[in-house]
1. Output the peptides 260-272, 43-55 sorted from most to least packed, where packing is the average of other Cβ atoms within 10 Å over each peptide's residues.
2. Can you bin the stretch 1-149 into rounded, prolate or oblate? Criterion: square roots of the alpha carbon gyration tensor eigenvalues sorted a ≥ b ≥ c, rounded for a/c under 1.5, prolate for a/b above b/c, oblate for the rest.
3. With both partners inside the stretch 339-453, how many of the DSSP beta bridges are antiparallel, as a percent to the nearest 5?
4. How big is the C-alpha Rg of the stretch 301-445 next to the rule-of-thumb value 2.2 N^0.38 Å, as a ratio?
5. Is the stretch 366-452 rounded, prolate or oblate when judged by the Cα gyration tensor, a ≥ b ≥ c being the square roots of its eigenvalues, rounded requiring a/c under 1.5 and prolate requiring a/b larger than b/c?
6. Grab the DSSP H runs of the chain that are 4 residues or longer, score each as -39,500 (n - 2.57), total them, divide by all residues and round the 222 nm result to the nearest 500 deg cm²/dmol.
7. Going by average Cβ neighbours within 10 Å, how do the peptides 273-281, 207-215 rank, with the highest at the top?
8. Dividing the Cα convex hull volume of the stretch 132-186 by residue count, how many Å³ per residue is that?
């Protein structure tokens, strides 16, 4: 007996009913992107491996799906018992599936800089792939919906992207969510002030796991990375910060008083929060969260993360400022900031909270029953008339028993079944059965079209 087919772990199929929900979310996000003046681009599913590596930190690089070179790739490499997997990969793989949309976007900007009008407002809705351990809300293949503004240092860009988050989630009827904000410069300043400026990456990678492993295990990981006990103890300012937003910013300013970069981060954060004292948000709650790290190496300023407060699923969106990302591709002085919507997690949240509206299916509205070849040809001509008028219609493909044809219509949610036999053709009428209320009437085809309208 043949083995049943399966799909790789961390990937999914989507039924028609699931696609209606997904398209509903896609439509709202897409409309908001365009309302805010963003233009759509797409990039290839695969990139050159060297385009992706070194941009996400060691942890992120491990999750990149590598693609084996074509042909007999092993014949072109040399390895022995001492060959490391890292060394072998460089010989057998030159391409990889994209890990996110931001790095490919930076590559796109560099390659097309002569054709782009800056500042460039781009959006992109495509799949990404990560070799992560699958669990609820975490997949190996998933969609990201990104919006970026590149070519300006203006902090008004951050304000717009925060408002964009607020608008989309409000439109999705998600009324209890928080937008958490930090600044990479603040984290750099803290690393300076505890005497561990060279360990910023270790600190951010550990902090990024705070929600998953807790404070004590974060401290243990930092200790294993070589941070001194006294330096780790000074990090308590991150975990103990409380009070109002103004209180938190004041405490940070005092703690970072000897760090120029740290104070710059507090200044940028203050601008954002002070601006939203006069700019109304529809549903979002803005929060300072100095433990927010988002362990990606390319962030240089604001760091943003969105969480649904009443569903324990992790972040449903995130992003930040990356003023040096295009520099790794040879284009300096190209500051940018962007956000991403965690599309698949958003769908899970809406499902969990029963926030999806009743979505009208896109099923066939009219099914022509099949009574034989001549009757089917007659019905087929009428079918084409309905299609020219935009009415979703189909002909049952064979002259099966009427019970089977009606069962097919019922399972598909067809509204009307049109029956045309020899008698109907002679009288120039059709018999129409309403599958919703069970009624059945004889009428002309023209009368039926008026009924549908």
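Laboratory data are not the source of any read-out in this text; all were calculated from the coordinates shown. Note that the coordinates shown come from a computational prediction; the quantities given were computed from them, not determined experimentally. Heads up, the Cβs are rebuilt from the backbone with ideal geometry, glycines too, and the neighbour counts pull from every protein chain shown.
1. Values: 260-272: 19.3, 43-55: 16.1.
Highest-to-lowest ranking by the protection proxy: 260-272, 43-55.
2. Working: a/c = 2.48, a/b = 1.29, b/c = 1.92.
Verdict is oblate for the stretch 1-149.
3. Details: 8 of 14 bridges.
Percentage antiparallel, nearest 5: 55.
4. Working: Rg = 26.8 Å, N = 145, 2.2 N^0.38 = 14.6 Å.
In units of the 2.2 N^0.38 Å rule of thumb, it is 1.84.
5. Judged from the Cα gyration tensor, the stretch 366-452 comes out rounded (a/c under 1.5).
6. Working: 18 runs with 185 residues, N = 453.
Taken over the chain, the calculation gives -12000 deg cm²/dmol.
7. Details: 273-281: 12.3, 207-215: 14.9.
Those peptides, ordered most packed to least, come out 207-215, 273-281.
8. Working: hull volume 8.7 nm³, N = 55.
It comes to 159 Å³ per residue, whole-number rounded.
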